[in-house]
Every structure is written in C-alpha cells, then in structure tokens.
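For reference, the structure is listed below as structure tokens.
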Amino acid sequence: MLGDRRFEPSRFAGRFPAWMLLACLPLALLTPGAHLKALETDPDSSWPFSSSEHCVAYHTVKGMFLFFDAEVLGKNCQLEAELSMDAAEDRFRLALTIPVGQFNSQNNHRDEDIAEILGGGSKLPLLFLSDWAPRQWARNLMDGRTEAISGVLVIANKEHPVTFHLRVPNRGPSHLIQAWMSTTFSALDVAVPTVGPGGLIAAPRQRLDLMAQLLLSRLKGVEQLIASP
C-alpha cells in the first residue's frame, strides 16, 4: 500500500516465506502496466466505470517485494461538475471539484494517505478548470468525435497544465462524457512514499492515468450548452 509508515521487520517476519517469493517470480516476466497501455489505444478495454456512474478515478502500478507489479485503482463518485457559458463569445468551460477524502481503492490506509498527499494537511479538494472552448467543440462531441480539452489541475493549491481526451459514447437520455489522460506523478509534483527500506515492500511507479465519467443529467449548466443559440 501507499503510505509513509516506518518499516518494522517484526511485522513481516515469517509472513513471506521463500517459497512465496519464488512463486511470485513468474509475475515479474509479465509486461507491467498492461492496463495503462490499453487505455491509450482502446479506452473501452480498460474503462473502470459502469454507464450509470458519475465518478473520477486514478490508476497506477506499484512494485511489490521487488518481484512483481500490482495495479491500483481508486474511484471517487462525490465530485461536483459544472459548465459555465460565455454567451457573448459562444464558448464554455468545465469545472470539477473533487474531495480528496472520498477516493476508494479498497484499502483504507492507502485512501487516507492519498487524501493527505493530494490535499495536504487541510485536505483541500482537487480542482480542474478547463480552458474556454467554442460551442461547436461540444457539437463535435455529440456527433461522436473524440476531442481534447486543456486546462489546469489544482493539487494542494498548485496549478498543473493538463490535457484530457473527451468523447460522448452514449446518445439520447443516457448521454455521458468520458475523459482520460496519461501522466506521471512527477509531472503533477506528487510525491508518493515507498514502503519498507528502499521500497522493498511497495514502490510506486511513475505512470499515472486519470479518468472521469460525467453524466449529463448531473452536470450543472449543461442546458445552456446543448440549447440552440
């Protein structure tokens, strides 16, 4: 797990016998981060959300016991999403507010660490604010095109330029927007601690994927965007 905890040999002595470590060796021969590579070329093959979820997620890989990689997926469905319109310029921008304490990776200790790593001691929310985009850009999405939108991701009061790929895979009443990007912890100035001396127990890899799925029915201000000018 991710966490800045002191390594205590007594906690692990006898729990990982030699035969168990040897059994893990074949996993080291597998290509690490297969999920991450698939997201770049075929998002559908590794998409973590059902069609009814309004959520964001992070996905990364951590090295375990120096022998193999384990995937980590943390989801957060407590976000707020809002569109702002500039009628004079016929353009819009998207804003997301994401509470850092609501990520669920099936590991409570890791989720507590992530909340502090991303939000600092005050647990500040993550913020994404896109650049202004023309209304025609939204029409392209509705027509089934994949577009890119740039903006800033604010982590603990620090702004980081990012660019997401976006698409609208569902039509009709169940419209939703899917967004994804690949980056690194270093690019976002996020320091994830290792566990154990020299990362023996767990060491994070640099690769990081960020994903979001927004239901139009829960997107504030969407009526202004889809309305005819």
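Only the coordinates and a few stated rules stand behind these numbers; no lab work does. Just so it is clear, the model here is predicted, and its values are computed rather than measured. Cβ placement follows ideal geometry from the backbone for every residue including glycine, while neighbour counts extend to all protein chains displayed.
A simple spin-label model places pseudo-atoms 7 Å from Cα toward Cβ; at Ser45 and Ala70 they are separated by 2.5 nm. When the GluC sites (Glu not before Pro) in the stretch 78-136 are filtered for DSSP coil states and for at most 16 other beta-carbon atoms within 10 Å of their beta-carbon, the remaining sites are Glu89.
If I model a spin label as a point 7 Å beyond the Cα along the Cα-Cβ vector, how far apart are those points for Leu129 and Arg145 in nm? Going from the Leu129 label point to the Arg145 one covers 2.7 nm.
Seen from Gly221, the other residues with C-beta closer than 14 Å to its C-beta sum to a net charge of +1, counting Lys and Arg as +1 and Asp and Glu as -1.
Stretched out straight at 0.36 nm per residue, the stretch from Glu82 to Ser182 would grow longer than its current Cα-Cα span by 33.7 nm. Give the shape of the stretch 75-131 as rounded, prolate or oblate, defined through the alpha-carbon gyration tensor: a ≥ b ≥ c are the square roots of its eigenvalues, a/c under 1.5 means rounded, and otherwise the shape is prolate if a/b is larger than b/c and oblate if not. Because a/c hits 1.5 or more and a/b exceeds b/c, the stretch 75-131 counts as prolate.
Residue separation of Thr97 and His109 scaled by 0.36 nm, minus their Cα-Cα distance, works out to 2.0 nm of gained length.
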